Amino acid sequence: EEVQNECIRIGTVPAGDAVVPSGGDLAAKSIIHCAGLPVGGGSASEEHLVLAIRHGLLKAREEAVASIAVPEFPMEGMVFPKKRVAELVLSEVFRHLDDKDCQIERMFFVINDPKIYDIFEECIRSS
């Protein structure tokens with residue numbers, strides 16, 4: 001509830017941008033809310049998705065966040081395959097984690113759909 005109220009206070013996030021509200025009572029201290037889909041509908045581009053992840057991770061760095069939860073993206077608005085979504089997200093995350101200035105110690109991916117989970121797991125194993 002605390003996270004939801006903070007997100008309402010933050011308001012709409014344009015496609016390709018991100019916000020980092022607190023994690024409330026969750027195990028993670030912050031959540032990267034990435035806007036990969038345009039507000040009001042429409043399809044996300046690969047650029048929207050990559051920029052959203054990048055901006056979220058940069059905001060986490062600015063705030064010296066060490067523990068982050070990344071919620072599942074709404075796949076129905078993506079016009080490219082789910083595996084491609086996972087590849088783009090993980091590529092950007094790995095690029096950020098490889099940076100010497102990265103302070104993230106723990107990152108949680110919150111994925112409720114078992115099929116999406118399997119796709120992410122497959123992409124992680126093959127990277």
request  = Work through the residues other than GLU121 whose Cβ is under 15 Å from its Cβ and net out their charges, Lys, Arg +1 and Asp, Glu -1.
outcome  = -1
request  = Over all alpha-carbon pairs of the chain, lay out the pair-distance distribution in 5 Å bins, whole %, shortest bin first.
outcome  = 2, 11, 21, 24, 22, 14, 5, 0
Accessible area in square angstrom per residue, the chain, 1.4 angstrom probe = 58 Å²
task = Pull up the DSSP beta bridges for the chain and report the antiparallel fraction as a percent, rounded to 5.
result = 25 percent
inquiry  = Out of the total accessible area of the chain (probe 1.4 Å, heavy atoms of protein only), what percent is carbon and sulfur?
reply    = 50 percent
Cut-off 10 Å between beta-carbons: net charge of the residues surrounding ALA69, Lys and Arg +1, Asp and Glu -1 = +2
Listed pairs LYS59/LYS115; LYS29/LYS115; LYS59/LYS100 exceeding 24 Å between Cα atoms = LYS59/LYS115; LYS29/LYS115
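The values are calculated or read from the model by the stated rules, or taken from the named source; none is laboratory data. Remember, it's a predicted structure, so these values are computed and weren't measured experimentally. Note: ideal-geometry Cβ built from the backbone for every residue, glycine included; neighbour counts use all protein chains shown. Accessible surface areas use protein heavy atoms only, side chains included; no ligands, DNA or RNA. Shrake-Rupley method; radii C 1.70, N 1.55, O 1.52, S 1.80 Å.
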